[in-house]
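We did not get these values from a lab; they are worked out from the coordinates using the rules stated. Just so it is clear, the model here is predicted, and its values are computed rather than measured. We place every Cβ from the backbone using ideal geometry, glycine too, and count neighbours over all the protein chains shown.
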Amino acid sequence: MTDTQKKMQAGKNKILLFRLLENQGEEAAKLVFQTEHTFSYSRELERIITKDGSLINVGGLESEVAIEAIQAMDDPVANMLRQSVIHGQKLELWEVTVDEELKTADNKFPAIYAQGYLDSWEDPASAEENAAISANFTVELEPQFGEATLTEEQQAAVQYAFQDTKAEAPVEG
């Protein structure tokens, strides 16, 4: 593929899924109405001046995820995340790129996985806007890059997943 054929990646295709680390027997869940998140990586670089020139001492990697969403009424994931801050509970986080063009042959999507803690949670409520959520996830150790499987329910939670025109049999519960 040449540079002119490369496609831009849409931010709306990157979603966050969460789970309490202690609940690894359960499926991860999506925080509804996500509007924006930023996965950031940084290192402290210490410049050491010598008579021969500058040297750089490289510090450890620090990663965090800033999260913004519109509050949904009775969203169990938002409630779980808020409680994780209050109780200091460790979380798992996945950033999954839900793009059919990037889906693997075994139905997996590119993903980043991290464990850590929410170090802040805010519920701003402006008179002129929707009630919002603002949170910050601090990553412990280094994020891992790989592929994630999404359940049918998780894929259905992503807006505008393609549906065929063919009628589907209703799922019996």
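Structure above, values below:
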item	result
Projected label distance in nm at residue 125 and residue 36, using a 7 Å step from Cα toward the beta-carbon	2.3
The chain: antiparallel DSSP beta bridges as a percent of all, rounded to 5	100
Alpha-carbon centroids, segment 87-158 and segment 1-69: separation in whole Å	11
Partner lysines for residue 90 [C-alpha distance under 18 Å; skip if fewer than 8 residues away on the same chain]	30
10 Å Cβ shell holding at most 11 others, DSSP loop, trypsin sites (Lys or Arg not before Pro): longest site-free stretch of the chain	52-165
At R0 = 45 Å, FRET efficiency that the Cβ-Cβ distance of residue 102 and residue 50 yields, to 0.05	0.45
Acute angle (nearest 10 degrees) that the helix 76-87 long axis makes with the longest principal axis of the chain, alpha-carbon atoms	30
Ascending count of other beta-carbon atoms within 10 Å, so fewest first, for 87, 37	87, 37
Segment 1-91: GluC sites (Glu not before Pro) in DSSP coil with no more than 16 other Cβ atoms inside 10 Å	26, 27
Ratio of Rg to Rh over the chain (Cα coordinates, Kirkwood Rh, two decimals)	1.06
Approximate spin-label separation residue 21-residue 73, in nm, with each point projected 7 Å along Cα-to-Cβ	3.6
Spatially proximal lysines relative to residue 6 (Cα-Cα < 25 Å; intrachain offsets below 8 disregarded)	14, 103, 108
